[in-house]
Amino acid sequence: MKISKLNKISLATVMALGCTTATAADRVIIQVDNANKGIVTALTKQLGGEVKVDADGFIAAQFNGKSVDEIKGILKNPHIKLIEEDLVRKPMALFNDDAGDPMQQQITPYAVYQSQANQVQFNPGAGIKVCVIDSGLDQSNPDFNWGSITGDNDSGTGNWNVNGGPHGTHVAGTIGAADNGFGVIGMAPGVAMHIIKVFNAEGWGYSSDLAYAAQKCKNAGSDIISMSLGGGGANTTESNAFKTFTDAGGLVIAAAGNDGNNVRSYPAGYPSVMMIGANDNNNNIADFSQFPSCTANGKTDETICVEATAGGVDTLSTYPADMATSATLSANGTAYATSAMENPGSASAATFFMGTAETVNSGAAGKICMIDRGVISFHDKVKNCQNSGGVGAVIINNTAGMLYGTLGEGSANTTSIPAVGAAFEDRTALLAATTASINIGTSDYGLMSGTSMATPAVSGIAALVWSNHPSCTGTQIRNALKATAKDAGAAGKDVYFGYGIVQAAAAHQYLTTNGCGGGTTTPGISLTLQGVSSKGKRYVDLSWASATTSTVDLYRNNVKILTTTNDGSHRDGPLNRGSYSYKVCEAASTTKCSASTAINL
């Protein structure tokens, strides 16, 4: 999990651009010479207009309930050069959180839209249960169906319903926050959950804790295990625990890791566990998302690397009560997207532009400082504003997007006035504003980033899809999510996205069309199997014919294990004693396949 300072930024994306009750049609820009602006401004107010922006050569005004043509009809003055519609501008992202305050209304996080979870109805009657192994779910947050949530207490980590930090509560909200009219909505709203608190007061646990937790999940009747955690190294006890859960029909999902390298983290690296990476709201891979190779010890296995991704950057979800920090910003009465930096409090005053605020300026006394990013630290900018007599600070980004920052931890922050960040796209409007208001307070909802946030998204999506196809096994749900993922990054499967970004509606339709077993077979592809023993080890020789693509995908027990040259043969192994089923599919196809063929070793 990667928090950075995001746990202190809760409403940066929920207060969307232009968040007013007005529609675009009743707000206009009026071009006028500065010398005559006073006359035009007075006339605008006299006719019921509210001036929103007073800038060099123009003003912007809102006339509630009037169209642009109606405004032009009543606002006639020879000093007016032009009246035109004041068009809405929004963040340039493919997916965004809903606008609003989750403390007052229900917000749908961007990842719900991105993953199509809003297009599938959760079926609570199916009885799907998700076991969340994390830092506990704090009962102070009301945004859950608490009647369907259970947990296990532990003498070493404390009660499951008392947080050991906000991480576990945030994760649980992404999975199953209720559809109740306030807060956020989870991927599988109101899904039954079992909570196991494995992290101690220092924020870590052992692999044996996870192995034991897997047994507790099974005993609680869970179908899915979700783990937003990991570490280096593998051991057989932990691996066997998750394999046992999977073999019994369950699904285990875990985070790839947040170091932005190709190191394999565990438990995500075990074949029985589905490894999840993180993407942002523009369908780009997160820079912190780990991307281990699918090849180990000379053998390629797609179950030991990233299999799919979901939204995990600036994810809005639940926090323990009052543990998150919220921020609001308005200028000339218009709300703007913002991020909390530091120092709870409120300020409303006239504005003063300090440039990059490299020095003290007495002109800022009693005012809110509008400050450009650059040259010196955020802390020093705010300190100079405060030493100038400023009552609040807004630091505006110098590149596209929102400014996220901190003024320093603990005693390193010597400022006391409230300070927020703003997006570069809003710079012109903010600098044109004559008044501003900022507020930094507490909230039950906040942002976090990490594969820790993408993992519960996939866990919730799996529960959502599975609730509509309860006869499937966990492995079949896993396969359906991969078969229908939205390709992103490099064309085809890659180490960053795996098969792509999970798509709930596509997976639901796939299972509706094809059944739990997946795609249909192509009679033209034939497959024969032969068991082989060599130097005391067991192998399966596959022989096939009539595939038409240059490469083929080989499946063992309905899980893709290899893409190989279409040369008609492959040796799989070494393998343990047991029963195995195989099929061969044309490259990148889940429908043009041989019939599944079984063999016993």
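Of the strands (runs of 3 or more DSSP E) lying entirely inside segment 93-199, not one carries at least 3 residues that are assigned by the TED database to the domain that holds Leu481, farther than 30 Å from Thr512 by Cα and aromatic (Phe, Trp, Tyr). Close contacts from segment 363-381, counting a first residue that is within 16 Å of Leu329 (Cβ to Cβ) and at pLDDT 95 or above and a second that is in a helix (DSSP H, G or I) and open to solvent by 30 Å² or more (accessible area, probe 1.4 Å), with Cβ to Cβ under 6 Å and a gap of 6+ residues or different chains, come to Met370/Leu431.
Residue-wise test of (1) open to solvent by 30 Å² or more (accessible area, probe 1.4 Å); (2) farther than 26 Å from Gln139 by Cβ.
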| residue | (1), (2) |
| --- | --- |
| Met453 | no, no |
| Ser459 | no, no |
| Leu464 | no, no |
| Ile477 | no, yes |
| Ala483 | yes, yes |
| Ala488 | no, yes |
| Gly518 | no, yes |
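Of everything in segment 304-332, what is within 13 Å of Leu562 (Cα to Cα) and open to solvent by 10 Å² or more (accessible area, probe 1.4 Å)? Give them in sequence order. Of everything in segment 304-332, just one residue is within 13 Å of Leu562 (Cα to Cα) and open to solvent by 10 Å² or more (accessible area, probe 1.4 Å), namely Ile304. Every test in (1) assigned by the TED database to the domain that holds Ala483; (2) surrounded by fewer than 24 Cβ atoms within 10 Å (Cβ to Cβ); (3) touching a helix residue (DSSP H, G or I) at 6+ places or on another chain (Cβ under 7 Å) is passed by Asn284 save one, and that test is (3). Scanning for something without any contact (Cβ under 8 Å) to a residue 60 or more places away in the chain and in the same structural domain as Gly233 (by the TED database), does segment 346-358 turn up at least one residue? Within segment 346-358, none of the residues are without any contact (Cβ under 8 Å) to a residue 60 or more places away in the chain and in the same structural domain as Gly233 (by the TED database).
The set of residues in segment 42-80 that are open to solvent by less than 50 Å² (accessible area, probe 1.4 Å) and out of contact with any strand residue (DSSP E or B) (no Cβ under 6 Å at 6 or more places or on another chain) comprises Leu43, Ala55, Gly57, Phe63, Ser67, Gly73, Leu75, Asn77. Remark: pairs (first residue in segment 246-259, of a type in the set (Asp, Glu); second residue buried (at least 24 other Cβ atoms within 10 Å of the Cβ); Cβ separation under 9 Å; 6+ apart in sequence or on different chains) = Asp259/Gln290. Taking the stated definitions as given, is Met402 hydrophobic (A, V, I, L, M, F, W, C), part of a loop (DSSP other than H, G, I, E, B) and closer than 29 Å to Met323 by Cα? Yes. Please work out which residue is farthest from Lys560 (Cα to Cα), limiting yourself to segment 496-531 and to residues that are modelled with pLDDT of 95 or more and assigned to a loop (DSSP other than H, G, I, E, B). Checking each candidate, the answer is Gln503. Beta carbons closer than 7 Å, at least 6 apart along the sequence or on distinct chains, pair a first residue in segment 184-196 that is under 21 Å from Asp97 (Cα atoms) and open to solvent by less than 20 Å² (accessible area, probe 1.4 Å) with a second that is of a type in the set (Ser, Thr, Tyr) and assigned to a strand (DSSP E or B) for Val184/Ser317; Val184/Thr318; Val184/Tyr445.
Within segment 567-587, the residues that satisfy the criterion of being in a loop (DSSP other than H, G, I, E, B) and surrounded by fewer than 16 Cβ atoms within 10 Å (Cβ to Cβ) are Asp567, Gly568, Asn576, Arg577, Gly578.
The values are calculated or read from the model by the stated rules, or taken from the named source; none is laboratory data. Remember, predicted model here, so these are calculated numbers, not experimental data. Heads up, the Cβs are rebuilt from the backbone with ideal geometry, glycines too, and the neighbour counts pull from every protein chain shown. Surface areas here come from the heavy atoms of the whole protein model, side chains and all, with no ligands, DNA or RNA. Shrake-Rupley method; radii C 1.70, N 1.55, O 1.52, S 1.80 Å.
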